[in-house]
Every structure is written in C-alpha cells, then in structure tokens.
Amino acid sequence: MATLEKEIENYLTEFQGKVPKETQDILNGAIKKLEESNIFSKALNVGNKIPEFSLSNQNKKIINIKDVVEKNKYTVLSFFEGSWSAYSNFQLLALQKIVSQLKILNATLITICPQTQDKSLYLSEKHSLNFDILYDKNNTIAKDFGIAYTLSDEVIPIYEKLKIDIIEANRNGTYALPLPATYIVNKNYEIIYAFVDANHRKRCEPKTIIDVLKKDIINKR
C-alpha cells in the first residue's frame, strides 16, 4: 500500500508536468518564503495544552472539544485547507483508512478547516468519511493554535487560473488558511505529538499517528 507521502509525490510529479516552470517557480518561492518566516515559533507544540473550543461539524452539529477529550483516551486533531486542495483530499482519504485502528486505541479523529459546512458535507459524503469536519470560521481556532497564515499575493492569481476560489470556499473575504497540522492530545489536553509544516505539500503520515499512540500506551503500562 502506497504511503501518503508517495501518493503526494506521484501527484506532484504529474502536476509539475502540466504546469509551466515559471508558475512552479512562483509556487516554490512562496513555500520557501513561508518556511523562512517565523510562523513555526507561534505554533503550539509538544507539552503545550490545547485551548477549549466548540465548533459545528459538517452536519451543523456543535462539537465541544471538552466532551471529545474527556470521552477518549486520545484525540487526534488534523487541520486542512479545504476540499479544493488535492493535498487535503489525499490527507483525508489516508486518515479515513486508520479510523478503525484509532477506535481500537481509544482515540478519535477530529478534522478542522475554514471552508463552509456545505462544502465539507459534500466532501464527507463523496468520500464516505467517518469523522467530523469542524468549521473553523475565520480560522479562529487555527489562530489559537498559531498555525494560520495568509496566502501570498503572487500565489492568488495562479490559484485563480487553476479555478481555485478560496474566497468562495471560505466565504469570509480573506485568503487566510491553516498550515497542514496534526496534533495528538491526551486526556489532560496536553499535546503529545505535533506535526506542523509550512510546506502545504507535506502531511502527517497516518502510520506515524498509530505508532505514536501505540508507543504512548506501552510507556504508560
């Protein structure tokens, strides 16, 4: 079975074969600029505690993170940009494959993105996703986690040419997005694993999540 990293690598190779080098240089330059910024210094990390929050899911049901954390031994929080992102779609499909394993390990998966609930509901039904997709309007929670950023001006026209309409997807009049981020949280709200990357082409490998959980369970025996 191909890893998430390999699936993204194959997609990127295909994408680069279709896109002019000038466009690729702009996209790569924007990633490098973000990587060189101080955005990582703001992100929550291992040892930090997550804030309490309540957001509505794709079915417009309010999900209180306090209830989720207290009900499960572990909570996996995964931020993504939206269904318009091929990388996000690869990420969600890969996460779906470990949902049953997470349950066995007394862990639950919560995903969070800034796109509106109608789009998340369509995404969930299209791919038969068995987890909540929470609507982080205006990236409020992403900001609390220190992982929100704004798409650079040079990238916006490229996205528009690719028919990617972030303004319509999020309906908040901004180009703000969350960095790809995955956190594993224990019952004390403490982060025991953190993956945050300024390169939106990189995502947390689902196997890593399972490995971290198993290791923590063994260490607690």
Using alpha carbon coordinates only, what is the Rg to Rh ratio of the chain, with Rh defined as the Kirkwood radius? 0.95
Starting from the Kirkwood Rh over alpha-carbon pairs, what translational D in µm² s⁻¹ does region 110-162 have by Stokes-Einstein at 37 °C and 0.692 mPa s? 257
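Give me the percent of accessible area attributable to carbon and sulfur for the chain, probe 1.4 angstrom. Write down the numbers at each step before the final one.
Working: 5700 of 11240 Å².
Answer for the chain: carbon and sulfur cover 51 percent of the accessible area.
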Can you give me the Kirkwood hydrodynamic radius for region 44-172, using every pair of distinct Cα atoms, in Å to one decimal? 15.5
Student exercise, region 93-181 dipole from Lys, Arg, Asp, Glu Cβ charges, in Debye to nearest 20: 300
Using DSSP loop states and a limit of at most 15 other Cβ atoms within 10 Å to flag GluC sites (Glu not before Pro), what is the longest stretch of the chain containing no flagged site? 53-153
I'd like the distance separating the alpha-carbon centroids of region 170-221 and region 1-45, in whole Å. 18
Note the angle between two axes, namely the Cα long axis of helix 86-96 and the longest principal axis of the Cα atoms of the chain, as a number of degrees from 0 to 90, rounded to the nearest 10. 20
When all alpha-carbon pairs of region 126-193 are counted, what percent fall beyond 20 Å? 45
Leaving ligands, DNA and RNA out of it, work out the accessible area of T208 with a 1.4 Å probe and give it in Å² to the nearest 10. 50
Beyond 14 Å, the calculated P(r) of region 1-71 holds a percent of Cα-Cα pairs equal to 78
For the chain, whose charge dipole is built from +1 on Lys and Arg Cβ atoms and -1 on Asp and Glu Cβ atoms, the candidate among N59, F145, N186 with its Cα farthest towards the positive end is N186
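Given a 1.4 angstrom probe, what's the average accessible area per residue across the chain, in square angstrom?
Here the residues of the chain average 51 Å² of exposed surface.
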With axes computed from alpha carbons, what is the tilt in degrees of helix 21-36 against the longest principal axis of the chain, rounded to the nearest 10 within 0 to 90? 40
Where trypsin sites (Lys or Arg not before Pro) fall in DSSP loop in region 15-62, at most 12 other Cβ within 10 Å: K60, K61
Assign unit charges at the C-beta atoms only (+1 for Lys and Arg, -1 for Asp and Glu), then state the dipole size of the chain relative to its Cα centre in Debye, rounded to the nearest 20. 800
I need the trypsin sites (Lys or Arg not before Pro) found in region 129-166, filtered to DSSP loop residues with at most 14 other beta carbons within 10 Å of theirs. K163
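The values are calculated or read from the model by the stated rules, or taken from the named source; none is laboratory data. Everything quoted here is computed from the prediction, not taken from an experiment. Positions of Cβ are generated from backbone atoms using ideal geometry, with glycine treated the same way; all protein chains shown enter the neighbour counts. Each accessible area value is taken on the protein alone, full model and side chains, heavy atoms only, with ligands, DNA and RNA left out. Shrake-Rupley method; radii C 1.70, N 1.55, O 1.52, S 1.80 Å.
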